[in-house]
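Worksheet: one structure, shown below.
Every read-out reported here was derived from the displayed coordinates using simple, explicitly stated rules and does not represent laboratory data. Just so we're clear, the structure is a prediction, and the values are computed from it rather than from any experiment. Note that we place each Cβ from the backbone using ideal geometry, even for glycine, and neighbour counts take in every protein chain shown.
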């Protein structure tokens, strides 16, 4: 990691994106006090990472959740709840509810050794929530889940935000991030490349699809001033405009250079497209 | 509180390991064979003209052989069951779900250590108690000071356990196991060399043995335990693991306790400082 600077606001779902080896899991480990930075500073809820009192308010689902395989789901949740200081009375009602929430009630008597990867992810998510933490770190929470499981995780994450919790989400599944997160940050080689407020109406970059006749070479050569990634296929032109603000000027330019425009469609850029745009397609994502 | 939760879960985890049950099965087989051997020997003595005094000493020697076997089984079992508890959980990532809970890292390590100490205590009590009981009920011989001997064997197991934990905070499971067993081997060899030095009063050879015991005091603790439990004649059996040619002093027992505490301190410190 180097020059990694980011701020996560209270009560938001924060998406942490980057290609393999970008430093996402390392960053989470540093924020949780599992690893120490050689330099720099981090504060979690105003205290240094690893502070015991802060950890009382933090939940964490590791990327590949594993635990003693001979435990059943209730035993595992009771153990983690007790480690977090939750009373036995509270756990008696909360544990069955959590097991039901993550869809493991039919498997309540099974030992973890008989669990699939997706089921381990589910019980791992439940242990991260057992003490109703204020900040929840989820490292690839949906990597082993089927579509129904992913939807369940999405609903749980949103419910946690409604409860007032902050969720720090590291995921490779960009469509999940796109529909779940309030803010995303892209990192590469340990540095923040860019961030994006998913709640904002104005997009930073807009993909435009144009259908027009008489697109001259001079016209196409001049498109660089409005954006990049221009591609022309007969009468179809696609272009990534720098912002929504430049769209009237771009349309005017096309007309003035002789193009006969009969369709001009701004498109919202998906997070995946934005990611590939920022990272490049050959970065090993 | 966190320490005891960790100790409890670790005890249950350790109690489920196959190596423990294998060691218990081996121990049960040993107790069976030992009991049969004692019974046959006592029966043979009834039909022989061996004087009672000598019979007592032979059965005492058999008892010491049995206790030495228990000692070896207990130390190896303690080392093998605990060798992957730190390094294995670090490499598999299992530790992440615990190390992010609101308890200091030292409580995790000490809790795990206590869990294995308890498991080792149960194993030593069962095996040691079983052997002593067989010696008494089948052979009519009681070890001289069985409680002191048993506690010293327990101490030896805890020393091996703590060294295993210490290396586990640095190395992989395989490496820490190899290093710990290597140290136990050095101690074993050093103990024999020190005893051999007793025949010639050779100070150089004795020094090799003493240095070996300082590096790893496990064998020295056993020799002290043997001295506590054996009859005078058994102790005079030369070239045996319980010969009283060179008896470790009380200072060596104190050293072993300090050694244990320092190793535990290093393990706690390094586990607290390292990245997980």
Next on the checklist: Rg over Rh of segment A:206-279, using C-alpha atoms and the Kirkwood radius, what does it come to?
Outcome noted: 0.95
Checklist entry - Helix-derived [θ] at 222 nm for chain A: sum -39500 (n - 2.57) over DSSP H runs of at least 4, divide by residue count, nearest 500? => result -10000 deg cm²/dmol
Checklist entry - Where the convex hull is taken over the Cα atoms of segment A:53-115, what is its projected area averaged over directions, in nm²? => result 4.6 nm²
Next on the checklist: Could you give the length gained by full extension between residue A:278 and residue A:245, i.e. 0.36 nm per residue of separation minus their alpha carbon distance, to one decimal place?
Outcome noted: 9.8 nm
Checklist entry - Which whole-number value in Å³ per residue fits the convex hull of the alpha carbons of chain B? => result 119 Å³
Checklist outcome for this item: Where a ≥ b ≥ c are root eigenvalues of the Cα gyration tensor, a/c under 1.5 meaning rounded, otherwise prolate if a/b exceeds b/c and oblate otherwise, segment A:85-208 counts as prolate
Checklist outcome for this item: Across B:97, B:143, B:28, the residue with the highest GNM fluctuation in chain B (Cα network, 10 Å cutoff) is B:97
Checklist entry - Computed FRET efficiency, Cβ-Cβ of residue A:238 and residue A:191, R0 22 Å: what is it to the nearest 0.05? => result 0.15
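What Kirkwood Rh does segment B:62-147 have if only Cα atoms enter the pairwise 1/r average? Answer in Å.
Across segment B:62-147, the inverse of the average 1/r is 15.2 Å.
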Checklist outcome for this item: For chain A the translational diffusion coefficient, Stokes-Einstein from a Kirkwood Rh over Cα pairs at 4 °C and viscosity 1.567 mPa s, in µm²/s, is roughly 61 µm²/s
Next on the checklist: What do you get for the angle between helix B:146-168 and the principal long axis of chain B? Use alpha-carbon atoms, 0 to 90 degrees, nearest ten.
Outcome noted: 30 degrees
Checklist outcome for this item: So residue A:158 and residue A:105, fully extended at 0.36 nm per residue minus their Cα-Cα distance, gain in nm 16.9 nm
Item to check | Near-label residues of segment B:130-174 by backbone N, under 20 Å of a point 7 Å along Cα→Cβ of residue B:41 | outcome: B:130-147, B:149-150
Checklist entry - Hey, in the GNM for chain B with a 10 angstrom Cα cutoff, which one of B:46, B:223, B:55 fluctuates hardest? => result B:46
Next on the checklist: In Å, what Kirkwood hydrodynamic radius results for segment A:161-261 from the alpha-carbon pair distances?
Outcome noted: 16.1 Å
Checklist outcome for this item: Where a ≥ b ≥ c are root eigenvalues of the Cα gyration tensor, a/c under 1.5 meaning rounded, otherwise prolate if a/b exceeds b/c and oblate otherwise, segment B:111-208 counts as oblate
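Just need the Rg to Rh number for segment B:1-90, please, alpha carbons only, Kirkwood Rh.
1.22
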Checklist outcome for this item: Expressed to two decimals, segment A:1-140 has a Cα Rg over Rh, using the Kirkwood radius, of 0.99
Checklist outcome for this item: When B:101, A:24 are ranked with the fewest other C-beta atoms within 10 Å first, the list becomes A:24, B:101
Checklist entry - Calculated FRET efficiency, residue B:16 and residue A:172, Cβ-Cβ r, R0 45 Å, to nearest 0.05? => result 0.85
Checklist entry - Over the protein assembly as shown, how many percent of alpha carbon pairs lie in each 20 Å bin up to the one with the longest distance? => result 18, 36, 25, 14, 6, 2, 0
Checklist entry - Angle between the Cα long axis of helix B:203-215 and the longest principal axis of chain B, 0 to 90 degrees, nearest 10? => result 40 degrees
Checklist entry - If you rank B:124, A:193 by fewest surrounding Cβ atoms within 10 Å, what's the result? => result A:193, B:124
Next on the checklist: Cut-off 10 angstrom, C-alpha nodes, Gaussian network model of chain A. Which of A:173, A:123, A:28 fluctuates the most?
Outcome noted: A:173
Item to check | Residue order, fewest to most beta carbons within 10 Å, for B:1, B:216 | outcome: B:1, B:216
Checklist outcome for this item: Distance in nm between residue B:91 and residue A:146 label points, each 7 Å along Cα→Cβ, equals 3.4 nm
